[in-house]
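To keep things clear, I will list the structure first and then write my remarks on it.
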Amino acid sequence: MTEPIRLYLDEDTINRALIAGLRAWNVDVLTAREAGRIGTSDETQLAFSTSEQRTIFTFNTRDFVQLHGEWVEKAQEHSGIVVSNQLEVGVVLRRLLKLHDGRSAADMRNWLEFLSSWC
């Protein structure tokens, strides 16, 4: 059996309802707040999520698309990046659950995913 995606929510995506919803569906979630990582740089967040073998979820699309490109260029591996526009919590939750059911942790390795693809 393939390993499921384990999520790391950066400080932009921390929302109690979203976290509760994901955990209610048994998604392994760690937040930047829980990890004591509030206020750290995007690159530091990505490095941390990778060290924890977690796919990072963020609303900071521009910066993380750029960061993904930089890491690919340097042949630096990460555990996946999921970017999204800020939408209603229910929409984000449904899309993340579809992604969680449709992809494995291995699928997300070095992958940049746009949550809008999971309507």
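What does the C-alpha gyration tensor say about the overall shape of the range 1-49? Classify as rounded when a/c is under 1.5, otherwise prolate if a/b is larger than b/c, or oblate.
Numbers: a/c = 2.91, a/b = 1.36, b/c = 2.14.
Oblate is the answer for the range 1-49, as a/c is 1.5 or above yet b/c matches or exceeds a/b.
Longest span of the chain, sites excluded, free of trypsin sites (Lys or Arg not before Pro) in DSSP loop with at most 14 other C-beta atoms within 10 Å? Don't skip to the answer; put the middle values down first.
Working: sites that count: 33, 74, 109.
Between exposed loop sites, the widest span is 34-73.
For the chain, calculate the relative contact order in percent as a whole number, restricting contacts to Cα pairs under 8 Å that are 6 or more residues apart.
Relative CO of the chain lands at 31 percent.
Classify the range 50-119 as rounded, prolate or oblate from the Cα gyration tensor: take a ≥ b ≥ c as the square roots of its eigenvalues, call it rounded if a/c is under 1.5, otherwise prolate when a/b beats b/c and oblate if not.
On the way: a/c = 2.34, a/b = 1.47, b/c = 1.59.
Taking the square roots of the gyration eigenvalues as a ≥ b ≥ c, the range 50-119 is oblate.
Considering only protein heavy atoms, with the full assembly of protein chains and a 1.4 angstrom probe, order 34, 88, 52 by accessible area, largest first. Please report the intermediate quantities before stating the final value.
Values: 34 95, 88 140, 52 70 Å².
Result of the area sort, largest leading: 88, 34, 52.
Counting helices only, and only those DSSP H runs with n ≥ 4, report the 222 nm mean residue ellipticity of the chain as the sum of -39,500 (n - 2.57) divided by its residues, in deg cm²/dmol to the nearest 500. Mind dumping the intermediate values first?
On the way: 5 runs with 50 residues, N = 119.
Helices in the chain give a 222 nm mean residue ellipticity of -12500 deg cm²/dmol.
Shape verdict for the range 17-84, please, from the Cα gyration tensor: rounded (a/c under 1.5), prolate (a/b greater than b/c) or oblate. Could the numbers behind the result be given before it?
Working: a/c = 1.83, a/b = 1.77, b/c = 1.04.
Taking the square roots of the gyration eigenvalues as a ≥ b ≥ c, the range 17-84 is prolate.
Between 67, 96, 30, find the one with the highest GNM mean-square fluctuation for the chain; connect C-alpha pairs within less than 10 Å.
It is 67.
For the chain, modelled as a Gaussian network with Cα springs under 10 Å, which listed residue fluctuates most, 40, 61, 31?
40
Roughly how many nanometres apart are two label points built 7 Å out from the Cα toward the Cβ at residue 94 and residue 33?
2.6
Considering the chain as a Gaussian network with a 10 Å cut-off on Cα pairs, which listed residue, 36, 69, 90, attains the greatest mean-square fluctuation?
The residue with the greatest mean-square fluctuation here is 36.
Taking all protein chains in place and a 1.4 Å probe, what share, in percent, of the accessible surface of the chain do carbon and sulfur account for? Walk me through the numbers on the way to the answer.
Working: 3190 of 6540 Å².
The computed percentage sits at 49.
Need the C-alpha centroid separation for the range 43-119 versus the range 1-37, integer Å.
Cα centres, the range 43-119 to the range 1-37: 12 Å.
Restricting to the chain, compute how many DSSP beta bridges are antiparallel as a %, nearest 5. Mind dumping the intermediate values first?
Numbers: 1 of 13 bridges.
Among the beta bridges of the chain, antiparallel pairing accounts for roughly 10 percent.
Please calculate how many Å² of accessible area the chain carries per residue, with a 1.4 Å probe and no DNA, RNA or ligand atoms counted. Please report the intermediate quantities before stating the final value.
Details: 6540 Å² over 119 residues.
About 55 Å² of surface per residue is accessible.
The values are calculated or read from the model by the stated rules, or taken from the named source; none is laboratory data. Quick caveat, the model's predicted, so the values are computed rather than measured. Backbone-built Cβ (ideal geometry, glycine too); neighbour counts: all protein chains shown. For accessibility, only protein heavy atoms count, side chains too; no ligands or nucleic acids. Shrake-Rupley method; radii C 1.70, N 1.55, O 1.52, S 1.80 Å.
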